[in-house]
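Participant: My structure is below; once you've seen it, I'll send some questions.
What follows is calculated from the coordinates using simple rules that are stated; it is not laboratory data. It should be emphasised that the depicted structure is a prediction, and the values quoted were computed from it without experimental measurement. Cβ placement follows ideal geometry from the backbone for every residue including glycine, while neighbour counts extend to all protein chains displayed.
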Amino acid sequence: MFLLIALALLQTSAGFVQAAEPPSPKLKAETQGAFERYVRLVEARNEGELKRGTALLWVDGLPQEQRAEAYDALKRGEVKMKKLEILENDKPIACPGGMIHHWTGVVFIPGAKVEDVLGVLEDYDRHSVYYAPDVERSKTESREGDHFRVLLRFRRHKVITVVLNTEHEVQYFHDAPGLAHSRSSAVRVAEVENAGKADEREKTPGDDDGFMWRMETWWRVEERDGGVYVQSEVASLTRDIPTGLGWLIRPFVTGIPKETLTFTLQATRKAVEARRTAR
């Protein structure tokens with residue numbers, strides 16, 4: 001669901017800069033390969049951190065004074081965000097024809113338990129309620145223990161409406177009492193044309209407008225300090241910004257992932273608190 005608003009502007013902003021509307025891109029093998037290489041590095045870093053078992057939140061890596069300030073802000077209800085970039089041999093990973101967007105954020109839910117958070121995250125049939133309006137439809141297609149296959153339909157509107165049908169493989173892990181994490185991969189992303197109309201159809205994945213080609217998500221849930229810390233990390237792949245439009249679009253594009261992830265974490269906290277109140 002990241003960047004849909006910003007990238008939608010690519011279809012309409014060209015006229016403002018007296019440029020031709022950029023043609024629809026195609027997901028090239030080298031673009032996909034660069035993203036897969038990036039994700040493997042993220043996976044390796046995550047595995048190392050989880051194996052270590054301590055300092056699992058991104059704020060734990062801050063200097064002592066900044067870390068204390070970050071925890072105070074979390075206790076006040078703020079969401080702490082950080083833009084990430086994985087380097088390979090101390091260099092950024094080139095992604096020809098595409099853009100990799102990578103953010104992480106953490107929120108604190110006082111009084112909650114790990115099971116309260118998992119109860120929301122695993123309740124995919126109600127994600128269209130918890131995460132509306134970004135999630136328009138949601139369904140658990142199958143479940144085997146802690147492994148889920150889910151269908152989510154995302155809708156974003158600004159200038160134009162963008163609708164995506166997505167399918168995700170999700171695995172949850174119970175690491176220790178009061179500690180859990182999950183790994184979610186969007187195994188299918190299809191842009192929907194004429195959504196909600198009689199002639200609605202899906203475009204061929206990878207041969208579309210490039211609003212979203214790939215999305216990988218990592219969640220961590222840690223119970224301590226009288227509540228639960230919830231961290232979400234997302235790496236996504238979209239089309240690149242056409243030459244000549246960067247000055248207009250890039251600042252907007254880089255802001256949307258942060259805003260969307262902030263909303264997701266806030267919505268998770270709200271859903272957890274509502275379920276606890278209802279009980």
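Participant: What ranking, highest mean first, results for peptides 216-224, 109-117 when packing means the other Cβ atoms within 10 Å averaged over each residue?
Facilitator: 216-224, 109-117
Participant: Under a straight-distance cross-link criterion of Cα-Cα below 17 Å, which lysines are reachable from Lys203, leaving out those fewer than 8 residues away in the same chain?
Facilitator: Within the straight-line cut-off, Lys203 pairs with Lys26, Lys28.
Participant: Would you work out if the stretch 78-197 is rounded, prolate or oblate? Take a ≥ b ≥ c from the square roots of the eigenvalues of the alpha-carbon gyration tensor; rounded if a/c is under 1.5, else prolate when a/b is larger than b/c, oblate otherwise.
Facilitator: It is oblate, given that a/c is not under 1.5 and a/b is not larger than b/c.
Participant: Where does each of 63-71, 47-55, 227-235 land if you order them by average Cβ count within 10 Å, highest first?
Facilitator: Taking the mean over residues of other Cβ atoms within 10 Å, the ranking is 227-235, 63-71, 47-55.
Participant: Check cross-link reach from Lys75 to the lysines: straight Cα distance under 27 Å, and skip same-chain residues fewer than eight apart.
Facilitator: Of all the lysines, those that pass the test against Lys75 - Cα under 27 Å, at least 8 places apart if same chain - are Lys51, Lys83, Lys113, Lys258, Lys270.
Participant: Next question, about the same structure. By how many nm would the segment from Ala29 to Lys203 grow when fully extended, if each residue of separation counts as 0.36 nm and the alpha-carbon distance is taken off?
Facilitator: 60.8 nm
Participant: Turning to a different aspect of this structure: In what sequence, highest mean first, do 26-39, 194-207 appear when ranked by Cβ atoms within 10 angstrom?
Facilitator: Order by mean packing, descending: 26-39, 194-207.
Participant: Would you please give the residues with an amide H less than 5 Å from that of Arg137, counting only those at least 5 places away or on a separate chain, with H modeled from the backbone geometry?
Facilitator: Correct list: Arg153.
Participant: Could you please report the charge total around Arg52, scoring K, R as +1 and D, E as -1 over all other residues with beta-carbon less than 14 angstrom from its beta-carbon?
Facilitator: -2
Participant: Let me ask something else. If the chain between Leu87 and Leu50 were fully stretched, how many nm would it gain, using 0.36 nm times the residue separation less the Cα-Cα distance?
Facilitator: Answer, rounded to one decimal: 11.4 nm.
Participant: In Å, what Kirkwood hydrodynamic radius results for the stretch 138-198 from the alpha-carbon pair distances?
Facilitator: 13.4 Å
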